[in-house]
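Here is the structure we will look at.
The values are calculated or read from the model by the stated rules, or taken from the named source; none is laboratory data. What you see is a predicted model, and the numbers here were worked out from it, not measured in a lab. Please note: Cβ atoms are built from the backbone with ideal geometry, for glycine as well, and neighbour counts cover all protein chains shown. These area figures cover heavy atoms from the full protein model, side chains too; ligands, DNA and RNA do not enter into them. Shrake-Rupley method; radii C 1.70, N 1.55, O 1.52, S 1.80 Å.
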Amino acid sequence: MTSILLDGEIRDGRHVQVVRVYYEDTDFTGIVYHANYLRFMERGRTNYLRLIGADHRALFEATEKEAPGFAFVVRSMNLDFLKPARMDDVLDIVTEPAEVKGASVTLSQRVMRGDDLIVEAQVRVAFISGGRARPIPKPLRVAMRADFDAVNS
């Protein structure tokens, strides 16, 4: 029996989430509607953070103690739409840390169909707690930094 990885997986510091394109993801021309790539990439970012928490449960518990009710919010996003994706395509959403700072992290995201680069994005995500930007707690910053170092080594 094959294991189904609903949350994707982390490989060499990169998170890979597989997404199939459904009819509902396309516009009247049969091409993925541009805003749906944002949904695909949000799943990739969310599952990347989930897998860090699942692999390091104590990490998230320490973060919650230091910054109750913490969350990450998108601060800015730059996208390049390079090729179209169509219904029934199987896409890999690749997420990796590009820069880890005190209160934010910039993630590089790519939507791939095999070796074809479909969309490329740089997403800056801010850490908030209590409704305000806060420094990312050290345990979480260290975990993201480890992924960053794995990608860049």
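Compute the Rg to Rh ratio over the stretch 1-127 from the alpha carbon atoms, using the Kirkwood formula for Rh, and round to two decimal places. Don't jump to the answer; show the numbers that get you there.
On the way: Rg = 15.5 Å, Rh = 15.5 Å.
With Rh from the inverse mean 1/r over Cα pairs, Rg/Rh is 1.00.
On C-alpha positions alone, give me the angle between the axis of helix 57-66 and the longest principal axis of the chain, in degrees, nearest 10.
Taking the Cα atoms of the chain, the angle to 57-66 is about 60 degrees.
Using a Förster distance of 35 angstrom, determine the FRET efficiency expected from the C-beta separation of GLU61 and THR29, and round it to 0.05.
Details: r = 48 Å, r/R0 = 1.36.
So, using R0 = 35 Å, E works out to roughly 0.15.
Quick one: angle between helix 34-55 and the longest Cα principal axis of the chain, in degrees between 0 and 90, rounded to 10, please.
Relative to the chain, helix 34-55 is tipped by roughly 40 degrees.
When all protein chains stay in place, what accessible area (Å², nearest 10, 1.4 Å probe) is found for ILE10?
Estimated to the nearest 10 Å², ILE10 gives 60 Å².
Roughly speaking, what is the centre-to-centre gap between the stretch 1-49 and the stretch 99-129 when only Cα atoms are used, to the nearest Å?
14
With +1 on the Cβ of every Lys and Arg and -1 on the Cβ of every Asp and Glu, and nothing else charged, how large is the dipole of the chain about its Cα centre, in debye rounded to the nearest 20?
On the way: 21 positive and 22 negative charges, 139 e Å.
For the chain, the charge dipole is close to 660 debye.
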